[in-house]
Every structure is written in C-alpha cells, then in structure tokens.
Amino acid sequence: MNDSQKSSRGLKVGLGILAVLFLVTAFYTSKLYNEKQENEKLLVSEKQQVMNDLNNLAKDYDEAIAESEVKNQDLIAARERIQGLMDSLKISQNSVNSLWRYKKKYQALEEEMEILLTENDRLKVENQYLATSLDSTQVQLAERTMFTDSLLVQNTQLATVVKDAAALQTVGLVGMGVLERASGKQVPMERARRSDKIKVCFTVAKNTLTEAGDKELYVQVIDPMNNVLGANDQVQFEDQVLNFSLISRFNYENRNLNICEYVSPSEDSKFEAGRYKINVFNDKALISSSEFTLK
C-alpha cells in the first residue's frame with residue numbers, strides 16, 4: 001500500500017469518527033433539549049399547583065375572616081402574607097430551587113393556618129358562649145325589670161288605693177233656710193224671703209286611715225239662678241278652677257264630726273225661691289252633694 005492510499009484511508013477513518021461524534025453529540029443535544037422542555041413543563045405545572053394551593057389557602061382565610069364576629073388581626077396578617085407570596089410566585093423564575101423555596105413557605109403557611117383556625121374556632125366558641133350568657137343575662141334583666149315595673153305599678157296602685165281610702169268623706173249632707181232670732185235661736189224656714197241664712201250641715205265620717213289634725217273642705221252653694229252664693233272665691237287646681245261659697249275648717253280626730261256652716265245672701269238682697277244645690281269638695285274631688293227647695 002503506497003502513501004497515497006494510506007492517506008486516503010486515514011482520511012476516511014477520521015471522517016467516520018467525526019460523523020460518529022456528530023451523531024452522538026446531536027443525539028445527546030436533542031435528548032438534553034427534550035429533557036429541558038419536559039423539566040420546564042413540569043416546573044410550570046408544579047408552579048401552577050403551588051399557586052392553586054395558595055389560592056385555596058387564601059379562600060380558607062377569607063371564609064374564616066368573614067365568619068369572625070370580632071376582627072382577628074392574626075388571620076388578616078396571615079392572609080396578607082399569602083397574597084404577598086402569590087404575587088412573588090407569579091414573577092419568579094421557573095427553577096427547581098425557586099419552586100422548592102415556595103413549597104416550603106406554603107407548607108409553613110399551611111401549618112400556621114391550622115394553628116390560627118383552631119384558635120379562631122376556640123374564640124368563636126367562647127364568643128358564642130359569651131353571647132348566650134349575655135342573652136341569658138339580658139333576659140333575666142328584662143324579667144327583673146318587668147317584675148320591678150310590676151311592683152312599681154302595684155305599689156302605685158296600692159298608694160292610690162290607700163290615698164283614696166284615707167281621704168275624708170262626708171255623709172248626711174243637708175241644706176235649709178233659717179231665720180236667726182235676736183236671741184241667737186235659729187228657726188227653720190221654707191220660704192226664701194223669710195230666710196236670712198242658708199244652713200249647711202254634714203258629718204265628717206270616721207276614718208282611721210286619715211291622719212288626724214287640721215283639715216278643710218270647700219262648700220259650694222248654688223242658687224236657682226245658678227249663682228255661687230257666699231264668698232264666691234276661687235281655688236286653682238292643676239286642671240280646674242273651683243268656685244266655692246266658704247271653706248269649712250276643723251280639727252279632725254279620727255271620729256265622726258258633725259259640722260254646720262252658714263251662707264248669707266248678698267248685701268241688700270234676699271234669697272230667691274227655687275231649688276238650691278249644695279256640693280262639698282275635698283280639694284278638687286266632689287265627696288257629697290244634696291239639694292233643697294225654698295218657696
């Protein structure tokens with residue numbers, strides 16, 4: 001074999017080796033590229049899974065925060081940390097190291113959520129217990145208030161009954177015309193023109209509930225012309241004005257007390273014939289009434 005043949009054979013061998021190396025390199029390059037593509041797809045898929053997990057975690061926090069009657073700052077702070085991690089994950093590079101860090105942070109947040117939600121549930125139970133206790137207390141207070149109000153009403157009614165029962169009462173109210181002699185003797189008269197006074201008599205009834213002491217009653221004598229005879233003064237009460245003929249004043253000692261009062265006609269006048277009406281008032285309350293006639 002000459003040199004020319006040897007050289008040609010060596011060239012072929014070298015070209016063959018180069019071809020083999022090229023094919024091997026191309027094969028491994030293609031394989032690495034495909035593996036990289038697969039890894040990229042896997043990383044994107046896992047990144048999306050972590051994002052989904054974080055979204056679900058955020059929803060759990062949102063529900064827990066919405067259900068909390070009292071604003072829980074720990075839940076709100078944890079929810080904000082999740083949102084920050086999600087925002088950071090969106091712009092992060094698709095690398096194994098980066099994804100691993102986010103998975104670890106997610107796991108830490110998941111563990112923290114378990115603790116916070118357990119605590120939140122405990123607080124909810126306590127709040128419900130407190131709310132139930134408060135409702136029970138309010139019901140008891142309402143019942144106590146109703147009971148107290150009922151006692152006040154009963155006491156007020158009792159006080160009214162006692163006051164009414166203790167009020168002075170008169171019986172046997174009568175009126176008549178009289179003529180008074182010079183000797184002081186009084187002669188009953190049926191004729192108006194011969195009467196110089198109208199005599200009003202009544203008995204203040206015994207009442208052990210009434211406090212003893214000085215008392216007074218208003219006596220009103222109305223003539224046939226509907227005029228109030230006597231002093232015809234006025235006394236003002238809260239919602240009415242009373243015109244009276246005289247005030248009968250006496251000392252009451254919790255026993256029957258007979259009283260007579262007198263009303264004279266107006267100056268230089270005589271009594272009119274007709275029907276006369278007599279009313280006796282204890283303050284503004286009418287306690288007895290009677291009529292008589294003068295001819």
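Readers should treat all values here as calculations from the given coordinates under stated rules, not as data from a laboratory. Note that the structure is predicted; figures quoted are calculated from it, not measured. Because the Cβ atoms are built from the backbone with ideal geometry, glycine has one as well, and the counts that use them run over all protein chains shown.
General observations
- For the range 181-295, the gyration tensor built on C-alpha atoms gives an oblate shape. Its axis ratio a/c (a ≥ b ≥ c) is at least 1.5, and a/b is not larger than b/c.
- Placing a label point 7 Å from the Cα of Asn254 along the Cα-to-Cβ direction, the residues of the range 197-222 whose backbone N falls under 20 Å of that point are 204-216.
- Flagged links, alpha-carbon separation over 26 Å, of Lys215/Lys295; Lys215/Lys270; Lys199/Lys284; Lys206/Lys270; Lys185/Lys215; Lys197/Lys277: Lys215/Lys295; Lys215/Lys270; Lys206/Lys270; Lys185/Lys215
- FRET efficiency estimate (nearest 0.05) - Cβ-Cβ, Gln107 to Thr132, R0 45 angstrom: 0.75
- FRET efficiency estimate (nearest 0.05) - Cβ-Cβ, Asn56 to Thr118, R0 25 angstrom: 0.90
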